[in-house]
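J.: Handing you a structure now.
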Amino acid sequence: MSTTLQTASDSDKVGRCFSVNSDVGIVRYQGPIEGTRGAWLGVEWITSNRGKHDGSKDGRQYFRCHQPPSNGPHGSFIRPVDRLVFGQTLLQAAKHRYIVDDLSELKDIPQTIDGRRGKIEAVGLDKIAKQQSDLTSLTVLGLDSCRVEGIGSDEHEVKETRTSLRNVCSLSLANNFMVNWTNVEDILDALPKLKTLDISANHIFSPVSIDSTKRYQIDTLRIDTMPLLTWTDVVDISKQLQTKTLSYGWSQLQNIARVPEDWQIEELSLESNLLTDIAALGTLPSLRVLNLRLNPLTTLDIKPSQFPSMHTLNLSHTQIDSWPTIDTLTNISTLRALNVLHTPLTASDVRYQIISRLPQITKLDGTVITEKERTEMERYYLVQCARSVGSSEQQALEMMIEKYPRIRELVQKHGMPGVNSGKQENKLKSRLAKVTIQVVQDDVLHGSIICSESRSLIRNMMVRQLLPVVIKLAKTRIFKVYLCNDAVDSKDSGYMGPIFDTTTVLVFVYLMISAASFKPKIKYTVTATLLPPFEPRSFVCKSGKQTVKELRKEIAKQLETHIVDSIVLIYEGSELLDDVEIEDFVKDGAINVQIQLVDADGRHVKKDYKPAETPKPEPDKPFPVKVDILSPLPETKLMLLVTSESVFDLKIKLFHACPELRNHSVALTYKGYSLSNNDRLRDLFQNKDAAIEVFEVADE
């Protein structure tokens with residue numbers, strides 16, 4: 001691949017970024033130092049653990065460091081040695097990464113990639129390389145960590161850059177060598193179709209010099225990990241680029257001093273900064289998405305007029321620990337999605353509280369809130385609020401309204417929950433509610449009750465946890481579940497808790513099934529007697545087989561015969577067919593049947609019945625197999641006598657016949673077919689004159 005490296009031999013280095021031994025610095029001075037010989041470079045180190053100089057010597061100030069004095073001096077004087085690697089132009093970096101001069105270089109690239117489900121084979125690399133070699137076809141350009149410092153000053157190269165990269169729409173220049181905003185403006189001038197730009201982890205210092213006469217249309221901008229910029233710089237850059245989506249994270253931002261009213265930002269990510277107050281952002285008229293993840297926020301004081309367009313708010317991994325902070329979010333009427341994972345407030349399960357306190361949100365922590373879940377959570381929230389205050393119903397309502405938000409609205413919607421007087425015992429009994437389960441035929445409200453059962457169930461159990469109870473009672477899986485006359489999905493994982501107001505409330509769970517599908521299981525005993533001419537024998541089956549066919553199988557086991565079709569069951573002089581259910585003939589829990597053994601044609605009675613013996617399989621006859629051992633192994637021809645053994649068994653015989661093969665990795669083929677250890681020899685051999693070839697393979 002073509003490459004061009006600029007080293008310390010270049011003439012003018014002031015203001016340029018370089019690297020040496022993985023350390024990064026910026027040249028602030030180039031020239032002699034009084035009292036010394038030769039040329040020197042005055043360097044400001046970007047790497048935090050390098051440099052303790054302030055740029056002065058013997059009372060003369062040769063250069064000044066641009067980093068804040070609070071960070072301490074980061075300067076040094078070094079010699080311009082060849083080990084200093086300077087940046088390159090945008091076009092040079094693109095050619096170095098995308099253009100392949102010699103396709104033979106692709107052989108050094110791994111052809112397989114280890115995936116979770118095995119190896120992934122990389123094919124068509126030569127075609128991809130040829131396609132990418134045409135820079136004019138690229139719309140997405142990724143040049144992260146390529147030491148890009150700009151487009152250069154050579155007019156011919158600048159013109160070639162405009163021509164070759166004219167179709168680029170997305171450009172990533174993270175972790176490069178750009179130190180001035182003018183370098184970025186030159187790149188924007190050369191790429192007219194650019195819409196997405198990432199210049200994170202570059203070394204642009206504040207204040208940023210912006211050309212007010214230039215305007216660009218960059219929809220998405222990422223400037224993460226750039227602590228040398230100020231919030232004012234970021235806003236000015238975003239306004240110049242007319243950005244809609246901006247990410248400025250991991251930059252140690254502590255406060256937001258100024259937000260212009262005409263800033264039309266729509267999506268803003270300030271992840272992993274040091275923010276404790278975001279009130280200044282509330283005046284942004286178009287802000288729809290705000291990401292404050294990993295900031296030390298503890299409270300929010302949002303006024304009704306703030307964040308007029310907010311749709312999504314991410315507060316995960318913050319330090320919010322009070323419910324009044326969550327309650328202020330009700331002032332954002334347009335809020336629909338909220339994320340509060342991994343905060344002190346959500347250390348326990350409080351999803352029901354957030355859903356009940358914020359009626360406008362439709363998605364919480366990435367999960368859509370259904371109407372059914374909202375109803376359940378609001379009812380459960382009312383119950384918990386009522387229990388926390390205790391007292392009579394009227395007093396409880398007044399105390400709940402004073403203590404908790406939205407109580408009056410929710411009581412009008414769902415009704416006042418029952419209230420227990422006194423403190424509840426922290427025992428299992430206090431967590432139970434009495435439930436009557438009824439099996440109703442055809443109609444829920446007016447159908448006849450087939451059977452019922454009373455149960456004490458835990459209040460916060462889920463609907464689907466009720467299934468084993470109702471299946472056992474109904475003796476069927478065909479039913480519909482109704483809770484308090486409201487139909488629910490029997491597979492629902494929602495809580496039943498909101499319908500249990502007190503331990504004395506009676507909750508009816510209806511199972512609507514058809515009369516034909518309900519048949520309670522009964523226990524019975526089958527006595528089967530063997531008819532003459534055989535010696536009379538009786539068999540007792542207590543397992544309660546449902547059909548005649550299943551009963552015949554049970555009798556066949558007791559007769560020690562595997563021929564089930566030779567058994568005919570007779571009841572009151574008539575033969576019982578296979579699909580007949582035995583329980584239809586049961587009287588007083590018992591039934592007597594007769595057994596008749598017949599021949600294969602089903603007409604003649606067997607007179608010489610004996611228990612069937614399982615035939616023993618005849619051993620396979622051995623047959624010879626030719627084996628040719630090929631070079632570089634010791635060339636040998638063998639004739640091995642084998643049966644229907646597997647290839648693995650053949651290898652064992654082969655190692656016994658030729659012990660020297662044990663020190664080699666060998667493979668076996670037959671007529672060009674590679675044999676695996678599980679292949680059966682008799683299934684493969686059709687031509688007895690063909691031989692199995694043995695050859696050595698390289699270890700993986």
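The values are calculated or read from the model by the stated rules, or taken from the named source; none is laboratory data. Nothing here was measured: the structure is a model prediction, and the numbers come from that model. Cβ: placed from backbone, ideal geometry, glycine included. Neighbour counts: every protein chain shown. Quick note on the areas: whole protein, heavy atoms, side chains included, nothing else; ligands and nucleic acids left out. Shrake-Rupley method; radii C 1.70, N 1.55, O 1.52, S 1.80 Å.
J.: So, in nm, how far is label N678 from label T196 when the simple model puts each one 7 Å beyond its Cα toward the Cβ?
T.: 4.4 nm
J.: FRET efficiency for E409 and K303, Cβ-Cβ distance as r, R0 = 30 Å, nearest 0.05?
T.: Given R0 = 30 Å and the Cβ-Cβ separation, E is 0.90.
J.: Also: With a 10 Å radius around each residue's Cβ, average the other Cβ atoms per peptide and rank 239-246, 570-577, highest first.
T.: The packing order, highest mean first, is 239-246, 570-577.
J.: Determine ³J(HN,Hα), in whole Hz, for all residues of the range 84-91 in sequence, where each value follows from phi through the Karplus function 6.51 cos²θ - 1.76 cosθ + 1.60 and θ = phi - 60°; x replaces Gly and Pro.
T.: With coefficients 6.51, -1.76 and 1.60, one gets 6, 9, 8, x, 9, 7, 4, 5 Hz.
J.: Near the amide H of L668, under 5 Å away, which other amide H atoms are found, from residues 5 or more places off or on another chain, if H is placed in the peptide plane?
T.: So L668 has HN proximity to L675.
J.: Let me ask something else. Near N291, within a Cβ-to-Cβ distance under 9 Å, what is the net charge of the other residues, with Lys and Arg +1 and Asp and Glu -1?
T.: -1
J.: For the range 284-390, give the percent of accessible area contributed by carbon and sulfur heavy atoms, probe 1.4 Å, rounded to a whole number.
T.: It is 52 percent, rounded to a whole number.
J.: Ok, one more. To the nearest 0.05, what FRET efficiency results for D114 and V598 with a Förster distance of 56 Å applied to their C-beta separation?
T.: Given R0 = 56 Å and the Cβ-Cβ separation, E is 0.30.
J.: With the cut-off at 31 Å, tell me which of the pairs K363/K413; K195/K372; K363/K434; K95/K214; K303/K413; K119/K195 have Cα atoms farther apart than that.
T.: Result: K195/K372; K363/K434; K119/K195 exceed 31 Å.
J.: Can you tell me which of 529-535, 61-67 comes out highest on packing, and rank the rest after it, using the mean Cβ neighbours within 10 Å?
T.: 61-67, 529-535
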